[in-house]
Amino acid sequence: MSRNTFGHVFRFTTWGESHGPALGAVVDGCPPGLPLGEADIQPFLDARRPGQSRFTTQRQEPDAVRILSGVFEGRTTGTPISLMIENVDQRSKDYSEVARAYRPGHADYAYDAKYGFRDYRGGGRSSARETAARVAAGAVARLVIPEVAILGYVSAIGGDAIDPANFDADEIARNPFFCPDPVAAARWEALVDTARKAGSSLGAVVECVATGVPAGWGAPLYAKLDAELAHAMMGINAVKGVEIGDGFAAAANTGEGNADPMRPGNFAPVFTANHAGGIAGGISTGQPVVVRVAFKPTSSILTAMPTITRDGQATDLLTKGRHDPCVGIRGVPVVEAMMATVLADQKLLHRAQCG
């Protein structure tokens, strides 16, 4: 059984393929009366849109969203909100070789093994193109959580990390890498250019911080906020790892070093550290919620790799077409969107139980 729907109270279902006529999302469970127009969604799609620099795929898609339902006189009605984004720059002929052989690192073989049939044009549903629909749904989710500010950025490319001492949030919009460290951004320009010219690719780490999340969102034991976030992030195409707070670094720490000490505050505790990433026991603490997401290198590369054909014969295959030399760069708006959908869902779940 396939699962194309995410969420509990605030839910969205994505549909469409990389090389189909369109893709989109149906958002259900959104409260009524919220102001919503296409202009509220488009800026987030523009941030993810391909072809904006030489460091991303050169596929030219305007990613213009249309709201087909669920909005009347500029406000949500409480009924399903249908969002559509047309595909206008598909080049399916680039995938003629993929029809007969599996691309190493891609989902080609796994889809064939499951369904006995696959859409080989750009990978169909397994393509990162699908994430445009998630970004549109995430824009709607942000309306549900106006008290929360979400900031995503790339913290490492190809193993080269930013220096926290250089962090400047204003820099994120000034370079094509969503990088808050101008010194690292200059290094990454040469790094990604080298990989791109060699027909290769690089992995990346995207960090996302949500501030303004009140204490109390999330629920034990099977709706923990950190578990829901991990589920959301691992469902993004090309993601291979997720950390909450210190993540794996916590395993190298001590109990006293990993604790988040508290002191009295006026209305809530004042924390002197945030190793837990704003979540304890699966419930938000009021601290910033911090998630890091590891994106693998783009599997579509211009180096011929050993593989097999659909009938089991050995062959070598290189992937033609237009691809991101570092897919994690455009992963930033997607990670932000999934953060927004999880927090909107958890807010509504909390309100349903606790009032």
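Under 9 Å between Cβ atoms, at least 6 apart or on separate chains: pull out the pairs that start in segment 185-202 with a residue that is of a type in the set (V, I, T) and end on any residue that is assigned to a helix (DSSP H, G or I) and open to solvent by less than 20 Å² (accessible area, probe 1.4 Å).
Filtered contacts from segment 185-202: no entries.
Give me the pairs, please: first residue somewhere in segment 255-283 and under 20 Å from K347 (Cα atoms), second residue anywhere and of a type outside the set (D, E, K, R) and open to solvent by 60 Å² or more (accessible area, probe 1.4 Å), beta-carbon distance under 6 Å, and either six or more positions apart or on two chains.
If the second residue must be of a type outside the set (D, E, K, R) and open to solvent by 60 Å² or more (accessible area, probe 1.4 Å), the pairs left are G282/P220.
Answer yes or no as to whether L318 is closer than 30 Å to W217 by Cβ and of a type in the set (A, V, I, L, M).
No; evaluated as a whole, the condition is false for this residue.
Look at segment 216-262 and say how many of its residues are under 30 Å from S299 (Cβ atoms), charged (D, E, K, R) and open to solvent by 70 Å² or more (accessible area, probe 1.4 Å).
At the first step, the residues of segment 216-262 found to be under 30 Å from S299 (Cβ atoms) are 226-249, 251.
This time we only want the ones that are charged (D, E, K, R), so: 226, 228, 240, 243, 246.
Now drop any that are not open to solvent by 70 Å² or more (accessible area, probe 1.4 Å), which leaves 240.
So the answer is 1.
Of all residues being surrounded by fewer than 24 Cβ atoms within 10 Å (Cβ to Cβ) and among the small types (G, A, S) in segment 326-355, which is modelled with the highest pLDDT? Just the residue, please.
Out of the qualifying residues, it is A352.
Residue under question is A141, and the condition is that it be in contact with a helix residue (DSSP H, G or I) (Cβ under 8 Å, 6 or more places away or on another chain), part of a helix (DSSP H, G or I) and among the aliphatic types (A, V, I, L, M); does it hold?
For A141, the condition - in contact with a helix residue (DSSP H, G or I) (Cβ under 8 Å, 6 or more places away or on another chain), part of a helix (DSSP H, G or I) and among the aliphatic types (A, V, I, L, M) - is met.
Hey, can you tell me all the residues within segment 240-276 that are hydrophobic (A, V, I, L, M, F, W, C) and either in a helix (DSSP H, G or I) or more than 30 Å from V327 (Cα to Cα) (or both)?
F248, A249, A250, A251, A252, A259, M262, F267, A268, V270, F271, A273
Based on what the data block shows, is L317 surrounded by 15 or more Cβ atoms within 10 Å (Cβ to Cβ), touching a residue at least 24 places away in the same chain (Cβ under 8 Å), over 21 Å from the mean Cα position of the chain (by Cα) and farther than 23 Å from Y120 by Cβ?
Working: surrounded by 15 or more Cβ atoms within 10 Å (Cβ to Cβ): yes; touching a residue at least 24 places away in the same chain (Cβ under 8 Å): yes; over 21 Å from the mean Cα position of the chain (by Cα): yes; farther than 23 Å from Y120 by Cβ: no.
So L317 fails the test.
What number goes with the only condition from (1) surrounded by 13 or more Cβ atoms within 10 Å (Cβ to Cβ); (2) within 28 Å of the chain's Cα centre (by Cα) that R310 does not pass?
Result: R310 fails condition (2) only.
Of the residues in segment 70-90, how many are within 16 Å of L45 (Cβ to Cβ) and out of contact with any strand residue (DSSP E or B) (no Cβ under 8 Å at 6 or more places or on another chain)?
2
In this structure, is S155 surrounded by fewer than 19 Cβ atoms within 10 Å (Cβ to Cβ) and not aromatic (F, W, Y)?
Spelling it out, it is not the case that S155 is surrounded by fewer than 19 Cβ atoms within 10 Å (Cβ to Cβ) and not aromatic (F, W, Y).
Starting from residues that are under 19 Å from the mean Cα position of the chain (by Cα) and part of a helix (DSSP H, G or I), keep the ones in segment 197-226 and report whichever is nearest to G245 (Cα to Cα).
D226
Collect the residues in segment 111-138 that are at pLDDT 90 or above and buried (at least 24 other Cβ atoms within 10 Å of the Cβ), keeping them in residue-number order.
Matches in segment 111-138: T131, A132, A133, R134, V135, A136, A137, G138.
Can you spot a residue in segment 277-292 that is out of contact with any Gly (no Cβ under 6 Å at 6 or more places or on another chain), within 30 Å of S53 (Cβ to Cβ) and in a loop (DSSP other than H, G, I, E, B)?
No, that holds for no residue.
Out of all the residues in segment 191-215, which are open to solvent by 20 Å² or more (accessible area, probe 1.4 Å) and over 21 Å from G331 (Cβ atoms)?
Within segment 191-215, K197, A198, G212, P214, A215 meet the criteria.
Looking only at segment 334-355, how many residues end up being free of Cβ contacts under 8 Å to residues at least 40 places away in the same chain and either in contact with a Gly (Cβ under 9 Å, 6 or more places away or on another chain) or of a type outside the set (G, A, S) (or both)?
Looking only at that region, the number is 1.
Looking at (1) in a loop (DSSP other than H, G, I, E, B); (2) touching a strand residue (DSSP E or B) at 6+ places or on another chain (Cβ under 6 Å); (3) under 30 Å from G123 (Cβ atoms), which one does N237 not meet, given that it meets all the others?
Checking N237 against (1) in a loop (DSSP other than H, G, I, E, B); (2) touching a strand residue (DSSP E or B) at 6+ places or on another chain (Cβ under 6 Å); (3) under 30 Å from G123 (Cβ atoms), the one that fails is (2).
Please enumerate the residues belonging to segment 295-307 that are surrounded by fewer than 22 Cβ atoms within 10 Å (Cβ to Cβ) and more than 18 Å from V242 (Cα to Cα).
Correct list: S299, I301, L302, T303, A304, M305, P306, T307.
The values are calculated or read from the model by the stated rules, or taken from the named source; none is laboratory data. If you're wondering where the values come from, they're calculated on a predicted model, not measured in any experiment. Positions of Cβ are generated from backbone atoms using ideal geometry, with glycine treated the same way; all protein chains shown enter the neighbour counts. Only protein heavy atoms, including side chains, enter the accessible area calculation; ligands, DNA and RNA are left aside. Shrake-Rupley method; radii C 1.70, N 1.55, O 1.52, S 1.80 Å.
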